[in-house]
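Undergrad: What follows is a single structure, and I will ask about it in a moment.
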Amino acid sequence: MVGKAPLTLGVFKETGQEYIFDGAESLITIARPGRGKTQAHVVRNLLQLEAPAIVLDVKPEIADLTSDWRSQNVGPVQVFMPGNAARSESFNPLDAVPNDPIAAYTAIGRLLPLLMVPTDSQSAKSFWEGRAAQLLQGALYDICLRGFDGRRDMSAVVDWFSASPEQLKLRIESEAFRRQKSNAHRQPARRCR
Ligand SMILES: Nc1ncnc2c1ncn2[C@@H]1O[C@H](COP(=O)(O)OP(=O)(O)OP(=O)(O)O)[C@@H](O)[C@H]1O
Ligand SMILES: [Mg+2]
């Protein structure tokens, strides 16, 4: 009996019978470049497999050939392509950080180990990576509570660390304005006799 999502690997030369792989094990295809591994095995199966699939598509050619059919017949196709922001799926991890200062601090503490890979605590490298994590925590906190250049996302975090001269000028000006405003609201100090 064949399961719900079998893979078809080709046709036996002698009998013309389909070679069906229905195992719950790993499968590897080895052949020289340009021999049809992608076309005959991966693309062909994705164009008939009515089951979810996670595909490593480095070139990327498989998404181009199969995403139309799969999105119409199987389900949504999501392409994660970090080098192509216009085409890639994305999400903003800072959306999960609340605006309340205390809740934001706690949420950032939870987010930080997901953004930085923890190192071996015995190594000297870990000391400096710990300091870098603290600096990143400060940057995330500042951006989540006050924004940077009107943004509250990871691109703002990158700019926070390496702002352009124009961004620095704007930041200094807005900080000076903010201080001026808060000083104006402050009550004059009483003199002690
Ligand atoms: N069995 C086949 N069915 C359809 N096309 C094939 C087949 N074998 C080779 N081709 C043709 O050869 C070209 C290269 O095939 P494919 O991209 O599948 O090779 P590959 O083995 O995946 O190569 P690479 O290792 O470079 O990724 C395809 O564009 C296709 O036109
Ligand atoms: Mg290939």
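A short reminder: the numbers here are calculations on the coordinates, not readings from a lab. From a predicted model like this one, the values you see are computed outputs, not experimental measurements. Here the Cβ is made from the backbone with ideal geometry for all residues, glycine too, and neighbour counts use every protein chain on show.
Undergrad: Within the group Q78, Q137, which residue is surrounded by 10 or more Cβ atoms within 10 Å (Cβ to Cβ) and under 26 Å from Q167 (Cα atoms)?
TA: Numbers: Q78 fails: under 26 Å from Q167 (Cα atoms).
Just one listed residue meets the conditions, Q137.
Undergrad: For the stretch 103-128, which residues satisfy the criterion of being aromatic (F, W, Y) and over 22 Å from the mean Cα position of the chain (by Cα)? Spell out how you get there, then give the answer.
TA: Going residue by residue through the stretch 103-128, those that are aromatic (F, W, Y) are 105, 127-128.
Once the filter is applied, which keeps residues that are aromatic (F, W, Y) and over 22 Å from the mean Cα position of the chain (by Cα), the stretch 103-128 yields F127, W128.
Undergrad: Something else: Within 28 Å of the chain's Cα centre (by Cα) and either more than 14 Å from ligand 1 (Cβ to nearest atom) or part of a loop (DSSP other than H, G, I, E, B) (or both): which single residue out of A24, A5, A31, A53 fits that description?
TA: Working: A24 fails: within 28 Å of the chain's Cα centre (by Cα); A5 fails: within 28 Å of the chain's Cα centre (by Cα); A31 fails: within 28 Å of the chain's Cα centre (by Cα).
None of the other options fit; the residue is A53.
Undergrad: Does the stretch 8-45 hold any residues that are in contact with a Phe, Trp or Tyr (Cβ under 8 Å, 6 or more places away or on another chain) and within 16 Å of ligand 2 (Cβ to nearest atom), and which are they?
TA: L9, G10, L27
Undergrad: Then there's this: Name the residues in the stretch 34-50 that are within 11 Å of ligand 1 (Cβ to nearest atom) and under 20 Å from F80 (Cα atoms), would you?
TA: Within the stretch 34-50, T38, V42, V43 qualify.
Undergrad: Please list, ordered by first then second residue, the pairs with beta carbon atoms under 7 Å, 6 or more apart or interchain, first in the stretch 50-62 and within 17 Å of A40 (Cβ to Cβ), second within 11 Å of ligand 1 (Cβ to nearest atom).
TA: Cβ pairs passing all conditions: V55/I62; E61/T38; I62/T38; I62/V42; I62/V43.
Undergrad: Here is a list of conditions, (1) away from ligand 1 (no atom under 16 Å from the Cβ); (2) outside any loop (DSSP other than H, G, I, E, B), and A63 meets all of them except one; can you say which number that is?
TA: That leaves (1) as the condition not met.
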